[in-house]
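Visitor: Before anything else, here's the structure in question.
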Amino acid sequence: MSMRFQSVTFDLDGTLLDTVPDLYESARRMLAEIGAPTRSESEIRNFVGQGVVVLVRRCLDHGTPPDEAAMAEAVACFQQHYAAVNGEKTRIFPGVVEGLAAWASTGLPLAVVTNKPAAFTEPLLARLGLNRYFSAVISGDTTPHRKPHPAPLLEACARMGRPVANNLHIGDSKHDIETARNAGCKAVYCVPYGYNEGQTVSASDCDALVNSLYSAWQLASGTASS
């Protein structure tokens, strides 16, 4: 089996894990506590992708952006509630465990690159038993910048000891595609089942649209059935 990549990086929310149920519950509790209008779970799903601060801002914005004081209160409130429920209703997407096991069998180093803060990322991966697959976890506060800035992905490759030019990035959104392009990855694959802020990921926007992480491994390893 030939493999043209030397490392693989993965997005978290919407790619490895369906985290929306816990994010929705945290947002529901936050909005109730601060006396703000509620949001539906489908709205929260469309708000995911650029980190906690952006998620909270979108929850509060009903035509008028919240001021700094309101944002500070809401973010702190959300983080408190999310810490309490993180992982309770989150589910691993189909094909993820099989895909990670297949990727791990190649001996390539694997890493997570997410905009979720480390305080939530690492406990979540451990709770769901996925942390054992990764030699690096880059969260939204690991570097001074978040995706789509290339810094998080470049940091992941540096920690894996692999050149970014030979890295494959797998995600679910336009932000993952932009991050991979900005960093100079060899390729970027996307899964169609993620969030992408309510938009459909097009096969023309990435190097391959794959049904699952296992399908991504099959394609990259040349074992996909024709």
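Since every read-out is calculated from the coordinates, none of them should be taken as a lab result. It should be emphasised that the depicted structure is a prediction, and the values quoted were computed from it without experimental measurement. Note: ideal-geometry Cβ built from the backbone for every residue, glycine included; neighbour counts use all protein chains shown.
Visitor: Tell me, which residue of segment 83-98 that is more than 16 Å from the chain's Cα centre (by Cα) and in a helix (DSSP H, G or I) is nearest to D22 (Cα to Cα)?
Guide: The residue in question is V85.
Visitor: Please state which one of V112, V54, V48 is surrounded by fewer than 19 Cβ atoms within 10 Å (Cβ to Cβ) and within 27 Å of C157 (Cα to Cα).
Guide: Exactly one residue qualifies, and that residue is V54.
Visitor: Just one of Y189, Y195 is in contact with a Ser or Thr (Cβ under 8 Å, 6 or more places away or on another chain) and either touching a residue at least 12 places away in the same chain (Cβ under 8 Å) or of a type in the set (F, W, Y) (or both); which is it?
Guide: Y195
Visitor: Additional query: From the residues in segment 160-178 that are out of contact with any strand residue (DSSP E or B) (no Cβ under 8 Å at 6 or more places or on another chain) and assigned to a loop (DSSP other than H, G, I, E, B), which one is nearest to H149 (Cα to Cα)?
Guide: Filtering segment 160-178 for residues that are out of contact with any strand residue (DSSP E or B) (no Cβ under 8 Å at 6 or more places or on another chain) and assigned to a loop (DSSP other than H, G, I, E, B), the one nearest to H149 (Cα to Cα) comes out as P163.
Visitor: Another question about this same structure. Just to verify a result, which residue in segment 103-155, among those that are outside any loop (DSSP other than H, G, I, E, B) and among the hydroxyl-bearing types (S, T, Y), is farthest from V188 (Cα to Cα)? It would help to see each step written out before you state the result.
Guide: Of the residues in segment 103-155, the ones outside any loop (DSSP other than H, G, I, E, B) are 103-105, 110-113, 118-127, 131-133, 136-138, 151-155.
Of the ones still in play, those that are also among the hydroxyl-bearing types (S, T, Y) are 105, 121, 133.
Details: S105: 20, T121: 22, Y133: 20 Å.
Selected residue: T121.
Visitor: Now, a different point. Hey, among C59, C77, which residue is in contact (Cβ under 8 Å) with a residue 24 or more places away in the chain and within 24 Å of R127 (Cβ to Cβ)?
Guide: C77
Visitor: Separate question: Does L60 satisfy the criteria of being more than 15 Å from the chain's Cα centre (by Cα), buried (at least 17 other Cβ atoms within 10 Å of the Cβ) and not acidic (D, E)?
Guide: Yes, satisfied.
Visitor: Consider segment 194-218. How many of its residues are surrounded by 15 or more Cβ atoms within 10 Å (Cβ to Cβ) and closer than 17 Å to E98 by Cα?
Guide: The total comes to 8.
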